[in-house]
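To start, the structure under review is shown below, and the notes come after it.
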Amino acid sequence: MRFLRLLALSIALAGCAAELEGEEEDLDVQEQALSGDSLSSGTRTTIASVIGAENHVFTSTGRLFVTGDKGIYELKKKSDGTFDRIVAAPEQKSPFCQFGGITEARGLLYANCYGVTDSWLFAAKLEPTVSFRSIAMLNGRGLANGLTSDAQGRLYIATTLQNQILRFTTAPSDPFTVSTRETFQNNSGALTNGIKHYEGVIYWSDGAAIKKNTIDRYYSGPPTVVADFAYFDDLHVDASGYLITDYTGNVLRAYDTRGRSTSVSPKSFNGPSSVGRALGRAGLGARTIVVTERGGNRVSIFEPN
């Protein structure tokens, strides 16, 4: 997608494990409750300027990180309602690459940084002060953009130019070390870009379609979402269905769990590149939707009416 635009994270106590599981269940309940929300009207507000804003992630502790062409940033809400933008990774000039997908696994944040011919995987401990470093090179894998992780901590990387999805496993004793690399999905589509994991299934965008496969690669069926006129960049998947960024249409699109269109936002976005529900995290509202806008060089929130 980036090429087309330029040319278009061991719990020691059982009680802790139960607490985390309860938090996940709480989020599922919130997501299901939001299934009736319509995108057809609402208010968009800019909360940060980020050059080439590309992707974002809410961590398990509720922190918000965003990626862009010139770095990775944590956005922290202040008492006056505005947001501080704290650098977690600076601009990469040698070798040159731009930050794309970002995910949390095994207590770390991982992020892709892509060039035209090669790409790199960065990682950082989720500490009060986050500092990323490169941990692996993807030789000959240009524009490796989308990134997600499964419950086992494996990483899935969408490589746009190769029409593939890769799967990386990190060493049991060291999550900064990539121990195995494999191709998870061949022929994923010429426009493979955004990618998300939800309940044992990997979903990814490919032009005007959202495709999927189980983490065990048992599924071989049609796309779960197909639009007539759209260019899907990235997506959010939860118990209520799908939120999808239509990059060229400058809108957000919502679909139910069966892939049926339910609502479309106003055209108040400029090249929306990722979307997610805040669910009360990072000081944001339960119904707030976070959107990075590559075309607008900004991070926005959308409050449905």
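Some points to look at:
- Checking every one of the chymotrypsin sites (Phe, Trp or Tyr not before Pro) in segment 224-305 against DSSP loop status and a limit of 12 other Cβ atoms within 10 Å picks out Phe229.
- For the pair Ser60 and Phe229, a Förster radius of 51 Å applied to the C-beta separation gives a FRET efficiency near 0.85, rounded to the nearest 0.05.
- Counting every other Cβ atom within 10 Å of each residue's Cβ, Trp120, Trp204 order from fewest to most as Trp120, Trp204.
- Sum of side-chain charges, Ser300 neighbourhood, beta-carbon under 11 Å (Lys, Arg +1; Asp, Glu -1): 0
- Potential lengthening between Met137 and Lys125 on full extension [0.36 nm per residue; Cα-Cα distance subtracted]: 2.4 nm
- Separation of the Ser40 and Asp84 label points, Cα + 7 Å toward Cβ, nm: 4.2 nm
- Kirkwood-based shape ratio for the chain, expressed as Rg/Rh from alpha carbons: 0.93
- Using all pairs of distinct alpha-carbon atoms, the Kirkwood hydrodynamic radius of segment 147-288 works out to 15.8 angstrom.
- Paramagnetic reach from Val116 (point 7 Å along Cα→Cβ, amide N under 19 Å) across segment 82-104: 92-100
- Computed on segment 252-295, the Cα convex hull volume stands at 89 Å³ per residue.
- Length released on extending from Asn187 to Lys93, taking residue separation times 0.36 nm less the Cα-Cα span: 30.7 nm
- Cα→Cβ-extended label distance, 7 Å offset, between Thr214 and Ala239, nm: 2.2 nm
- Net lengthening on full extension, Lys267/Thr177 (0.36 nm per residue, minus Cα-Cα): 28.1 nm
- Percent of Cα-Cα distances greater than 21 Å, calculated over segment 76-145: 32 percent
- Only Cα pairs under 8 Å and 6+ residues apart enter the sum, and on that basis the relative contact order of segment 178-275 stands at 19 percent.
- In the calculated pair-distance distribution of segment 149-224, the portion above 19 angstrom amounts to 32 percent of the Cα-Cα pairs.
- Cβ crowding within 10 Å, taken as a proxy for footprinting-reagent exposure, orders Lys76, Lys211, Lys196, Lys70 from fewest neighbours to most as Lys76, Lys70, Lys211, Lys196.
Since every read-out is calculated from the coordinates, none of them should be taken as a lab result. Just so you know, these numbers come straight off a predicted model, no measurement behind them. Cβ: placed from backbone, ideal geometry, glycine included. Neighbour counts: every protein chain shown.
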